[in-house]
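The block underneath contains the structure these notes are about, expressed in structure tokens.
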Amino acid sequence: KTPLYVHAIINSFFIQSAWRLNGGGSQLADQLSQIITSKGGQVLTLSEATDYVFEGKEIQALKLKNGSQILGKHFISNTHPRSTLEMVESGKLRKLYVDRLNHLPNSTSSFTVYCSLKRKVLKHNNHNTYCSLDENIWTSDQTNQAEGKWPQGLMFYTTEDSMNPGFAESLTLIAMMNFSDVRQWQDSKIGRRGKDYEDFKDMKAQLILNFATDYIPELESMIENMHTATPLTYRDYTGTFEGSMYGIIKDCQNPMKSFLSPATKIPNLKLTGQNVNLHGMLGVTMTSLITCAFRLDLNSLIEKIRKA
């Protein structure tokens, strides 16, 4: 379904800049937080937003779950559009627009196994590794999941041990998973999903480890600690609909249907994030610039970035 231009842009991005961050991607959030606070801003955590408070056609404030409100002149939402719509009272946006966004299909989610490794037991590979049992790699998991054959493929990568260069400190294994596999626990909360859910995770983790052992012999003996994440984990930590990895699917058969503008009919509400323009890290970066263009001169902004 994905339009060719999306593949082309992402390919170009990786060809020109196939880099990883030493120390992990969390540094991006840390640096952004430091920049915001250095400019007099404030970063709030454990502060769930529930509603926009309107005055006429514009938003006056953002209401938090604890009952407090954050006043503002301009609001930018980088949550999944469905989550944003849930916070807007009925009638503020056209029903046709709301229905379109609510019915756009989302990309699949995943099941992830995070492994902390014993020291100097696994060589570090400076690349991702993709494994598949089926030559039809794009639909094999959806097809075989229904038949109880899972996983049919996975991706794994290592992070290097800074104390022991050349060896892996951790291993991450990712396999596609549909939200339907965890739907029975969709109304539960993190850490309170029950024994059935924990057993489900243990069983799926073992299946992934069994699969990966064909590529990394004696893998289980190398693991010191292990944690897992399901579509529910991603949904609850990132706020994306059904834990979708890459947000709304872009459709080459009907590109305008899956196109979202950063601007909305609410004058002081803008959208950003991977659902608006492109998928993943590249999409977030490019969309942020497009969203900024509604408040700033885009050409001068790009020029500042080039000189930085």
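The values are calculated or read from the model by the stated rules, or taken from the named source; none is laboratory data. Treat the numbers as computed from the prediction; the structure is a model and nothing was measured. Positions of Cβ are backbone-derived with ideal geometry, glycine not excepted, and every protein chain shown enters the neighbour counts. The protein model used for the area step is the full one, side chains on, heavy atoms only, and it has no ligands, DNA or RNA in it. Shrake-Rupley method; radii C 1.70, N 1.55, O 1.52, S 1.80 Å.
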Debye log10 I(q)/I(0) at q = 0.10, 0.17, 0.20, 0.21 Å⁻¹ for region 172-308, Cα point scatterers
-0.54, -1.01, -1.17, -1.23
For region 227-293, place one equal point scatterer on every Cα, skip the solvent, and apply the Debye formula. What is log10 of I(q)/I(0) at q = 0.18, 0.22, 0.26 Å⁻¹?
-0.75, -0.99, -1.14
Nitroxide proxy distance, nm - points 7 Å out along Cα→Cβ at Trp19 and Tyr114:
2.4 nm
Which of the peptides 150-163, 25-38, 82-95 is most tightly packed, and how do the rest follow, going by the mean number of other Cβ atoms within 10 Å of each residue?
150-163, 82-95, 25-38
From most to least accessible, 1.4 Å probe, no ligand or DNA/RNA atoms counted, Asp181, Asp51 line up as Asp51, Asp181
In the set [x] 21.3, 64; [y] 30.0, 101; [z] 20.8, 68, which value of Rg and Dmax of the Cα atoms in Å was calculated from the structure you see?
[x]
Built amide H within the under 5 Å cut-off of Asn106, gap 5+:
Ile249
Normalised per residue, the volume of the convex hull around the Cα set of region 46-178 (Å³)
206 Å³
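Using helices alone, I'd like the mean residue ellipticity at 222 nm for the chain: each DSSP H run of four-plus residues gives -39500 (n - 2.57), total over residue count, nearest 500.
-9500 deg cm²/dmol
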Carbon/sulfur fraction of accessible area - region 66-133, other protein chains in place, 1.4 Å, %
52 percent
Over all alpha-carbon pairs of region 1-46, lay out the pair-distance distribution in 10 Å bins, whole %, shortest bin first.
21, 28, 27, 24, 1
Flagged links, alpha-carbon separation over 21 Å, of Lys57/Lys95; Lys201/Lys250; Lys63/Lys92; Lys250/Lys307; Lys73/Lys270; Lys149/Lys204:
Lys201/Lys250; Lys250/Lys307
Under 19 Å from Lys265, Cα to Cα: aspartates and glutamates that are on another chain or at least 8 residues apart:
Asp51, Glu55, Glu58, Glu86, Glu89, Asp99
State in Å² the accessible area per residue of the chain; use a 1.4 Å probe, count heavy atoms of protein chains only, and round to the nearest integer.
62 Å²
With angles folded into 0 to 90 degrees, how steeply does helix 26-38 sit against the dominant principal axis of the chain? Use alpha carbons for both and round to 10.
30 degrees
Simple label model, 7 Å out from Cα along Cβ direction - Lys1 to Glu48, nm
2.8 nm
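So for region 1-98, considering every pair of alpha-carbon atoms, how many percent are separated by more than 20 Å?
60 percent
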Whenever you get a sec, line up His80, His7 from highest to lowest accessible area (probe 1.4 Å, protein heavy atoms).
His7, His80
Residue by residue, what Karplus-based ³J(HN,Hα) values in Hz, rounded to whole numbers, does region 152-167 have, using 6.51, -1.76 and 1.60 with θ = phi - 60° and x for Gly and Pro?
9, x, 7, 10, 9, 8, 10, 10, 7, 7, 5, 7, 9, x, x, 10
For Ser68 and Glu89, compute 0.36 nm times the residue count separating them, minus their Cα-Cα distance, and round to one decimal in nm.
5.8 nm
Principal semi-axes in Å for region 91-237 [√(5λ), Cα gyration tensor, largest first]
32, 18, 17
